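Asks: Provided herewith is a single structure, encoded as structure tokens, for subsequent inquiry.
Quick note: the coordinates plus some simple rules give every number you see, no bench work behind them. Just so it is clear, the structure is predicted and the values come from calculations on it, not from any experiment.
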Amino acid sequence: MASSDKVSIAMVAGETSGDLLASRLLSGLRPQLPDASMHGIGGPNMAQHGFTSDWPMEKLSVRGLFEVLAHYREIKGIQLALRDQLLTEKPAVFIGVDAPDFNLGLEMQLKRAGIPTMHFIGPSIWAWRGGRIKKIARAVSHMLVIFPFEEEIYRNAGIPATYVGHPLAEVIPMEPDIAMARNTLGLPLNAPVVAVMPGSRMSELKYNTTAFVGAVKLLAQRDPAMRFVAPMAGEKQRRYFIELIAQAGLQDVPIQIIDGQSHAVMAAADAVLVASGTATLEVALFKKPMVIAYKMMRASWEVMRHMGYLPWVGLPNILAREFIVPELLQHAATAQALADALWKQLDDSRHREVLRQRFTDMHHALLRNTAHESAQAVLRLIAKPTDKIW
């Protein structure tokens, strides 16, 4: 532990989902270390627990191989500046929350300098880039994993790991209150409602919006009573979403844009059109039928599609080990295909009930006291003499 009386804990979360997940850890850790300095890179949910972000989290919220290259110099500059700051400071622990491309390289250098490192949310080594586990072993003192099957994978590779459950399984109620959610959003109780979630990153909005809103147009023509709601992660995303809709000539499509409140939108929905990512698991925990879709820069897609070795990209399908909900990726994610797939999700009542039960079982499997379990793992790592960590 740092020699000063005041414990210093450094963390990096690179996007909205990481900010939410990290805030659960902090909610368990802050009461145990009320005077600790907690800083690095994070978002508003982390700030609620006294976390100070030294750089805006949005600087790291870039996805796609070639999109990252365009911002490489700035992102690398932030990483190097933070590294130098932490090597001088020597915090009691560094916790990288997801964002493996940024965090693992940083963790490797910090661990080499004798600073304990923890990584919260294991990179998807079970889905793609399996060779990365060797790098993780060099970079990470302890893994916090959020899926039950991950603990054994890391331990077999010689990496200490603790399964802490998925924080979202605690945040999301086992039985969503549809009526309350619709009342909150001003939606009618008896109309079919579709949530439209093209992503929180600007790059996701860029590539997904036209197909997603095009699907809405087709569904609205098929059923004029259907309501469509799109939650936006922030004002910047909202403005860009509206701009992209106008550029595609879809400004007359009946879609209600909501600031934040993504969980209320999911709870209110009968079905969800959602970009691949953490949001797909959130939708599953809300027990909603969904269509998973994703588009990206063509060059990024050509590289990434050859790197995967699982047949699924959506978390609900990965956890179920089968296609329990449709996935439409890149060229397959046309407005017509999305509309047709979503219509089937809305129209098949037996399928909806089967999904509800599968998602309920999934929810129970992921439910732990994540705040407590993750905080205890951090405290144990801090308490270890550094000569026993490696």
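Asks: Determine the alpha carbon to alpha carbon distance for each of Lys111/Lys135; Lys134/Lys206; Lys217/Lys344; Lys76/Lys135 and list only those over 23 Å. All intermediate terms of the calculation are to be shown ahead of the outcome.
Replies: On the way: Lys111/Lys135 12 Å; Lys134/Lys206 34 Å; Lys217/Lys344 16 Å; Lys76/Lys135 18 Å.
Listed pairs above 23 Å: Lys134/Lys206.
Asks: Taking only complete DSSP H runs, can you tell me which helices of the chain stretch 24 Å or more along their own long axis by Cα positions and average at least -0.5 on the Kyte-Doolittle scale? List each step's numbers first, then the result.
Replies: Details: long enough: 72-89 (25 Å, -0.38); 202-222 (30 Å, 0.15); 349-366 (26 Å, -1.18).
Within the chain the helices that satisfy the rule are 72-89, 202-222.
Asks: Considering every Cα-Cα pair within segment 90-230, what fraction, in whole percent, is farther apart than 25 Å? Walk me through the numbers before you get to the answer.
Replies: On the way: 5098 of 9870 pairs.
Value for segment 90-230: 52 percent of Cα pairs lie more than 25 Å apart.
Asks: Moving on. So how much slack lies between Arg73 and Asp348, counting 0.36 nm per residue of separation and subtracting their Cα-Cα distance, in nm?
Replies: Values: separation 275, 0.36 × 275 = 99.00 nm, distance 4.93 nm.
Result for the pair: 94.1 nm of gain on full extension.
Asks: From the C-alpha coordinates alone, can you work out the Kirkwood hydrodynamic radius of the chain, in Å?
Replies: It is 21.7 Å.
Asks: Normalized C-alpha radius of gyration of segment 11-109, against 2.2 N^0.38 Å?
Replies: On the way: Rg = 13.2 Å, N = 99, 2.2 N^0.38 = 12.6 Å.
Relative to the 2.2 N^0.38 Å estimate, segment 11-109 comes out at 1.04.
Asks: So, one more: Please say if segment 152-226 is rounded, prolate or oblate, where rounded means a/c under 1.5 for a ≥ b ≥ c the square roots of the C-alpha gyration tensor eigenvalues, and otherwise the choice is prolate for a/b larger than b/c and oblate otherwise? Show your work: numbers first, answer last.
Replies: Values: a/c = 3.55, a/b = 1.68, b/c = 2.11.
Note, shape of segment 152-226 comes out oblate.
Asks: Let me test this: with uniform point scatterers at the alpha carbons of segment 150-191, what is the Debye-based log₁₀ I(q)/I(0) at q = 0.20, 0.28, 0.29, 0.30 1/Å?
Replies: -0.71, -0.92, -0.93, -0.95
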